[in-house]
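For reference, the structure discussed in these notes is given below.
Quick note: the coordinates plus some simple rules give every number you see, no bench work behind them. Please read all numbers here as calculations on a predicted model, not as lab measurements. Glycine also receives a Cβ, built like all others from the backbone with ideal geometry; neighbour counts cover every protein chain displayed.
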Amino acid sequence: MRVDKPRVAPLSDRDIDRETLDRFGGGPVLNIFRTLAHHPKLLKRWLVFGNHILDKSELGDRDRELLILRVGWLCKAEYEWTQHVAIGLAAGLTQAEIDRISEGPEAEGWQPFDRTLLRAVEELWSDTFIGDATWAALSERYDTRQIIDLIFTVGQYQLVSMALNSLGVQLEKSTDRLAEGKRP
């Protein structure tokens, strides 16, 4: 974690407005949402976009998680990384692949398209642009909507990582043990 305590303390259930709490259907409310509940209008609108990226985009779950985990690693966002290790495993990534994400697209063992996905993250993260060679490789498998979803997935999780790091959102005690491998 970048900071050892929250800069903006997560709200308790009694301090979160009823409409926001109802969105979570009585289930556990993660620290990211408890923190963003300080700004209910922003949280409400961001959840719509975030839900598209996580549940409604045209990317496969495994590809999406590969992108998200690489962004989390590059942004040194331990909260994001830890949450998405479990999601990535459920989406079909292996623990060895998750551990290899820290090494980037040039690491030994990646399938060619996985390498392309990781390279797209690197290019967007460092230059805010997908280069021609990477674009051509993406276009061999992805249609236009999928490429747009890829760009917005990387952008969404870079934004989220910036917020998590800067606000000091801390891991839930129940998830701290989920990411047993490498951490950013």
Sequence order, segment 15-32: Karplus ³J(HN,Hα) from phi using 6.51 cos²θ - 1.76 cosθ + 1.60, θ = phi - 60°, Hz rounded, Gly and Pro as x, gives 9, 8, 5, 4, 4, 5, 4, 4, 4, 9, x, x, x, x, 9, 5, 4, 4
Springs between alpha-carbon atoms under 10 Å, Gaussian network over the chain: tell me which of Leu21, Leu69, Leu93 tops the mean-square fluctuations. Leu21
Restrict the search to segment 86-147; then list the trypsin sites (Lys or Arg not before Pro) that DSSP places in a loop and that have at most 15 other Cβ atoms within 10 Å of their Cβ. Arg141
How about segment 90-142: which GluC sites (Glu not before Pro) there are in a DSSP loop, with at most 14 other Cβ atoms within 10 Å of their Cβ? Glu106, Glu108, Glu140
Here the equivalent ellipsoid of the chain, derived from its Cα gyration tensor, has semi-axes (largest first, whole Å) of 29, 18, 14
If exposed chymotrypsin sites (Phe, Trp or Tyr not before Pro) are those in a DSSP loop with at most 15 other Cβ within 10 Å, what is the longest stretch of the chain that has none? 25-128
Which aspartates and glutamates, if any, have their Cα less than 15 Å from the Cα of Lys44, not counting same-chain residues under 8 positions apart? Asp17, Glu19, Asp22
With Cα springs under 10 Å, the Gaussian network model of the chain assigns the largest mean-square fluctuation among Ala163, Ala96, Ala86 to Ala96
Filtered hits (lysines, Cα-Cα < 23 Å from Lys173, offset >= 8 within chain) -> Lys5, Lys76, Lys182
For Ala90 and Val3, what is the calculated FRET efficiency with R₀ set at 25 Å and r taken between the beta-carbons, to the nearest 0.05? 0.30
